[in-house]
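Worksheet: one structure, shown below.
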Amino acid sequence: MNKILALYINEMTKVSRRISVWILLLCMALTTFLGPRFFLRVADIERFYEETAISAVTKPDITKMRDSAREELGDPNQYVDHSTIRFTIQNEVFELFATYLNIDESDLSKYSTISCANSILINYNFDAYPIESTFLSTSAYIGYIITFRDVCYLNSVPFDQRDNVWFQNYSRECDRLDYVRTALFSHDYESFIKYLEMDGIANGRFTETEAVRILSEIDPQGTFDSSESSNLLELISDYLRYKQLLSMNVDLGDSADSYIPLTAARRAQLENSVKILEKQFADHTYPSRATTISASAISFGMNTAQFFLVLLVIILAGSSISSEMATGSIKSLIIAPVKRWKIFLAKLLAIITWIFSGSLVITLGASLSMGLKSGFSTLAPYYFVSGGQVRTIPYVLFALLLFLASNIPLLVYVLVAYAISCNTKNTGVAVGISTGLVLSNTVTQVIIEAFSSSRWIDFLPMANMYLTDKIFPYLRFNGFNSDVGGTISFQMPHSIPLSFSVTYLAIFSFVLLFIAYDGFVRKDIQ
Amino acid sequence: MSDSKSEPALSITGTTKTFGSKVAVDHVSFDLYPGEVFGFLGPNGAGKTTIIKMIMGFVRPDEGTIIINGYNRHTDYEKAMASIGGIVENPEMYNNLSARLNLKMYARLHDGVTKERIDEVLELVGLTERADEAVKKYSLGMKQRIGLAQALLHRPKVLILDEPTNGLDPAGIHLLRDILKRCAHEDGVAVMVSSHLLGEMQLMCDRIGIINHGKLLQICTTEELMKQAKKSNSYRIKTSDPKRAQDILSENSKYPVSNLSSDTLDVEVDESEINACVRLLVEKGSDILGVQKIESSLEEAFLEITGGGIDIE
């Protein structure tokens, strides 16, 4: 045992004296630290959200909008006519003090704009909430404008053409207008949901109403801004879809509109997802937008830096034995009183140590970068379910594990490089072939997609190497997604059970290890 | 000196190695005793290095046992190898590391090698001053020295050096010879040296094993080999007409003649008969300008034993 340790220390000493190793580690540290910031700059997420947000919602904006419409239209009152009309519905008589807008359809929206703007300028409390500041006020504002226009449109129907159907429509739109007005002016979620519900009856958009209802339970005061709310609404709609799939006992198929029977494993996963989300909604620990952006930026930083890690460890593994064979320095190991398998093991352990060290540098670098930039509270723990209980893994540990899991393909490539290294004196061949394999990922991905419906692709090594989303099935619930490890990631068109992949990988790695062992431990050294 | 009564430090029995259809080492057996310098002599490709590689763990023998310091190398590898030190072919170090670090790393793989011991062996091979330089800056001779330092570092019971004088300057060769003799005769180390530099072996070794075509042909002490060599002593006779002298001597089959030149000829004759031989020439009217004994060396004995030395470079 202490011989292995001594060999291991020697290996680490040798490698750590190589300048190229430190250059690559430095590159790793720099890219992982700067990558997330670069991502934020290039992706420019904040600006994107600003651009999609509605414009012209401040008091002067609305005033200006009203005044310009008024200038084009003149006095709006000149188009208005009033009369009392009667409707008899199911032997019941309704009397309505009705308005008639004698106006062209093209000018109708101007009229609506003027009236609507007036109403908002008088009733809206701009000091409490700027309209654009919260999801509730923005949505209610848009709803109010649309519904107001709908009512104006109904009012443009001449008195003699207003039948019972018109009356029903008119009554409903007026009710909706009341609700959305209350929602807007009183900043009241309940009214907004009632407004949506009526809309839902008309359009069949139950899910959206349900999602907003859950949103309102999480944010009863309506303080969330648009981007935060839409981020949360995405999670809520996932939550609702999971529940729907569970209740229907079906799963989404490979194509968009196909459904397949729900497997037991998938059912458990959906049930756990529902459990996690319910807990997160209750505790307000769901991934906030800041968390999601942080996670994407961290993923980007880690993926970019991973390139250098791949380069480093493949060079180390590829040269590990072959270069010592080529230079002859292997002699001082062979002459030493250590069994050859110990040399073999110590070298492998040293390479794995570099994978771990690199992973640690990369994970900590990216996390530190985003923690300093967006606050360490945006680094969320990983949620999972064990024994029916929702549990968490602390962020740093989780991020490291996630990155390590994303490096399982790298481990396989390293074994390939090591196996070749053990069988040749030519370091270039060992490094070249392994690097080629990494690069061929893209080509294999294309082949896989071409044969996506066949099952034989499941037996390709690459199909079973990228296990991140299987090991961490609930990544979405702390803001990450499964593209961590992008340099060497691999997407399968259909899912392969984790147990199959693990068995496959174990056998595959064993074969590679055997080739390596046979090449170095059992063969003569000339 | 070899002491057949003591336990051998290295014992090789029936060791055989085949590469494909070529038998590189064919049932080689020999013992190496504490306190002796054993020379392993053979032309290139004779199997010297293969045997050394088998002893040092580079090559697995197909047959035979190797026992080092009482431990079977096959079953008790690490214990057996702990008692052995050496250089196989050229010493190769980690070139970008300093000599001292190379030794430090090697010391980690042995028990009980102290920092002081590293300084000691560096001093011994005369590298103290340049010990912290990267090995890549070293000359071949210096590399040989650091290789020797590494081989001696853990005070091995058996020291095996493959062509150790390669690249050494005369001072280095002298130093090496001193170190080896001191190791063997003072510290009781069993030293084995392979070489094709016969003169060197003559000066260095107590016993010599001669190998060719994978077979160990003969093991004897250096004195025995010298004696064997002396049996066929010859004399160089300087004369104005070597052709005539040859004719005179040819009549008498007792004196075989070789190496005729313009004014000399070599006669193969024992010391006891050279007087009669010269007298014969003088009597027959040949003028003798000089008679010189040609010192025969191991080289000739070696050529004879290995069958004409066809493989000698």
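Assorted remarks:
- Distance distribution P(r), region A:333-466, all Cα-Cα pairs, bin width 5 angstrom from 0: 2, 8, 12, 14, 14, 14, 14, 12, 6, 3, 1, 0 percent.
- DSSP assigns beta bridges within the protein assembly as shown; of those with both partners inside it, close to 75 percent run antiparallel.
- Paramagnetic label zone (point 7 Å from Cα along Cα-to-C-beta, B:Gln292; backbone N under 14 Å) in region B:262-285: B:262-267
- When region A:473-519 is reduced to its Cα atoms, the Kirkwood hydrodynamic radius in Å: 13.3 Å
- Label separation (A:Ser454 vs B:Glu223): 8.2 nm, computed from points 7 Å beyond Cα along the C-beta direction.
- If R0 is 45 Å, the Cβ-Cβ spacing of A:Tyr259 and B:Lys136 corresponds to a FRET efficiency of close to 0.10.
- Each principal axis of the Cα cloud of region B:32-71 was taken in turn, and the coordinate range along them, longest first, works out to 29, 25, 15 Å.
- Pairs beyond 21 Å (Cα-Cα), from B:Lys53/B:Lys215; B:Lys136/B:Lys181; A:Lys14/B:Lys48; A:Lys342/B:Lys143; A:Lys275/A:Lys373; A:Lys14/B:Lys79: B:Lys136/B:Lys181; A:Lys14/B:Lys48; A:Lys342/B:Lys143; A:Lys275/A:Lys373; A:Lys14/B:Lys79
- In order along region B:39-52, phi translates into HN-Hα couplings of x, 10, 10, x, x, 4, x, 6, x, 4, 5, 4, 5, 4 Hz, rounded to whole numbers, per the Karplus curve 6.51 cos²θ - 1.76 cosθ + 1.60 with θ = phi - 60° and x for Gly and Pro.
- Buried accessible surface for the B/A pair, both sides summed and rounded to the nearest 100, is 2700 Å² with a 1.4 Å probe.
- Where the alpha-carbon atoms of region A:225-278 are placed on the principal axes, they occupy 39, 24, 15 Å, in descending order.
- For region A:373-448 versus region A:74-98, the gap between their alpha-carbon centres in whole angstrom: 71 Å
- Inter-label distance, A:Lys339 to B:Asp187: 2.9 nm, where each label sits 7 Å from its Cα along the C-beta direction.
- For chain B, the solvent-accessible area with a 1.4 angstrom probe is 46 square angstrom per residue.
- Ordered by solvent-accessible area of protein heavy atoms (1.4 Å probe), largest first, the residues A:Leu154, B:Leu197 come out as B:Leu197, A:Leu154.
- Expressed to the nearest 5 percent, the antiparallel share of DSSP beta bridges inside chain B is 65 percent.
- Kirkwood Rh and Cα Rg combined as Rg over Rh, evaluated for region A:281-373: 1.25
- In this calculation the C-beta distance from A:Glu92 to A:Glu217 is compared with R0 = 45 Å, giving a FRET efficiency of 0.75.
- Surface share of carbon and sulfur [accessible, 1.4 angstrom probe, percent] for region A:80-133: 41 percent
- For A:Asp163, the solvent-accessible surface with a 1.4 Å probe is about 80 Å², rounded to the nearest 10.
- Ordered from largest to smallest accessible area (heavy atoms of protein chains, 1.4 Å probe), the residues A:Ser489, A:Ser20, A:Ser137 come out as A:Ser20, A:Ser489, A:Ser137.
- Using a probe of 1.4 Å, the accessible surface attributed to B:Phe19 totals some 70 Å² when neighbouring protein chains are kept in position.
- A DSSP coil position with no more than 12 other Cβ atoms inside 10 Å describes the following trypsin sites (Lys or Arg not before Pro) in region A:391-479: A:Arg455.
- Anisotropy class of region A:399-462 from Cα gyration tensor, a/c 1.5 cut: oblate
- Working note: Cα gyration tensor of chain B, eigenvalues times five, square-rooted, sorted largest first, giving semi-axes of 45, 23, 17 Å.
- Per residue of B:58-68, other chain Cβ atoms within 10 Å of the residue Cβ number 2 on average.
- Computed E for A:Ala326/A:Asp518 - FRET, C-beta separation, R0 22 angstrom, nearest 0.05: 0.70
- With the charge dipole of chain B set up from +1 on Lys and Arg Cβ and -1 on Asp and Glu Cβ about the Cα centre, the Cα lying farthest toward the positive end among the listed residues B:Pro242, B:Ala107, B:Val59 is that of B:Ala107.
- Averaging the sequence gap over all C-alpha pairs within less than 8 Å and six or more residues apart, then dividing by the number of residues, gives chain B a relative contact order of 21 percent.
- At 1.567 mPa s and 4 °C, Stokes D of region A:432-526 from Kirkwood alpha-carbon radius, µm² per second: 85 µm²/s
- The value of relative contact order for region B:101-220, using C-alpha pairs under 8 Å at least six residues apart, is 20 percent.
- Rounded to the nearest 10 Å², the accessible area of A:Thr503 at probe 1.4 Å: 80 Å²
- The long axis of helix A:135-155 is offset from the longest Cα principal axis of chain A by roughly 40 degrees.
- Cα long-axis angle, helix A:2-16 against chain A (0 to 90 degrees, to the nearest 10): 70 degrees
- Region A:264-304, accessible surface, carbon-and-sulfur percent (1.4 angstrom probe): 57 percent
- Three-way shape label, the protein assembly as shown, alpha-carbon gyration tensor, a/c 1.5: prolate
- Relative to the Cα centre, the charge distribution of the protein assembly as shown, modelled as +1 at Lys and Arg Cβ and -1 at Asp and Glu Cβ, gives a dipole magnitude of about 2520 debye.
- Prolate/oblate/rounded call for region B:43-106, Cα gyration tensor, a/c under 1.5 rounded: oblate
- Spin-label model distance (nm) - A:Ser106 vs B:Lys115, 7 Å beyond Cα toward Cβ: 9.7 nm
- Ligands, DNA and RNA are left out, and with a 1.4 angstrom probe the accessible area of chain A is 47 Å² per residue.
The values are calculated or read from the model by the stated rules, or taken from the named source; none is laboratory data. These numbers come from a predicted model, not from an experiment. Counting neighbours? That spans all protein chains shown, and the Cβs are built from the backbone with ideal geometry, glycine included. In case anyone asks, the SASA skips ligands and DNA or RNA and just uses the protein heavy atoms, side chains included. Shrake-Rupley method; radii C 1.70, N 1.55, O 1.52, S 1.80 Å.
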